[in-house]
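Trainee: One structure follows; several queries about it will come next.
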Amino acid sequence: MADETAFTGRRVLLDSAAEVGPATVYVDAAGRVARIEREYRPEGAAVDAGDRLLMPGIVDGHVHINQPGRTQWEGVVTASHAAAAGGVTTIIDMPLNCIPSTVTVDA
């Protein structure tokens, strides 16, 4: 479709986490997967992953960012960079180690 962006590769994580194979993933303008064709189609694709693994982003729901306070351990910048390098697209902070601790609405 005209308003879809294609991502393709020879190693795409498919319906089952145990299934990897050639495919082209089409994403609509809202960022949702519109359809998946089980064929490697590099022509016209916005991203051609080739032999690299193409998979959805990972959500990490338990990250201690330690900011404010202990950014020498890990702050927003280092946590975000590390997550992105590992394929994590969303991190949810567990703010127990911050100084001050940010576990209440007022804090």
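The values are calculated or read from the model by the stated rules, or taken from the named source; none is laboratory data. Computed from a prediction, not measured in an experiment: that's the story for all the values here. Accessible surface is based on the protein model in full, side chains and every heavy atom, while ligands, DNA and RNA are left aside. Shrake-Rupley method; radii C 1.70, N 1.55, O 1.52, S 1.80 Å.
Trainee: Could you compute how much accessible surface residue 51 exposes when probed at 1.4 Å, giving the result in Å² to the nearest 10?
Mentor: 100
Trainee: Work out from phi, with θ = phi - 60° and the Karplus expression 6.51 cos²θ - 1.76 cosθ + 1.60, the ³J(HN,Hα) of each residue of the stretch 80-95, listed in order in whole Hz, and give x for Gly and Pro.
Mentor: 5, 5, 5, 4, 4, 5, x, x, 8, 9, 9, 10, 10, 6, 10, x
Trainee: When 1/r is averaged over all different Cα pairs and the result inverted, which Kirkwood radius in Å belongs to the stretch 1-68?
Mentor: 13.1
Trainee: Considering amide H positions built from the backbone, and no H for Pro or chain starts, which residues 5 or more places from residue 54, or on another chain, come under 5 Å of its amide H?
Mentor: Excluding prolines and chain starts, which carry no amide H, the hits are 11, 12, 13.
Trainee: Give me the 1.4 Å probe accessible area per residue for the stretch 44-107, excluding ligands and nucleic acids, in Å².
Mentor: Averaged over the residues of the stretch 44-107, the accessible area is 67 Å².
Trainee: For every helix of n ≥ 4 consecutive DSSP H residues, a contribution of -39,500 (n - 2.57) applies; sum these over the chain, divide by its total residues, and give [θ] at 222 nm rounded to the nearest 500 deg cm²/dmol.
Mentor: Estimated from H runs of four or more residues: -2500 deg cm²/dmol.
Trainee: Also, I was wondering about something else. I need to check one value: relative contact order of the chain, counting alpha carbon pairs closer than 8 Å and at least 6 residues apart, in percent.
Mentor: 23
Trainee: Could you give the semi-axes, largest first, of the ellipsoid that matches the stretch 24-107, computed as the square roots of 5 times the alpha carbon gyration tensor eigenvalues and rounded to whole Å?
Mentor: After diagonalising the Cα gyration tensor, the semi-axes are 37, 14, 9 Å.
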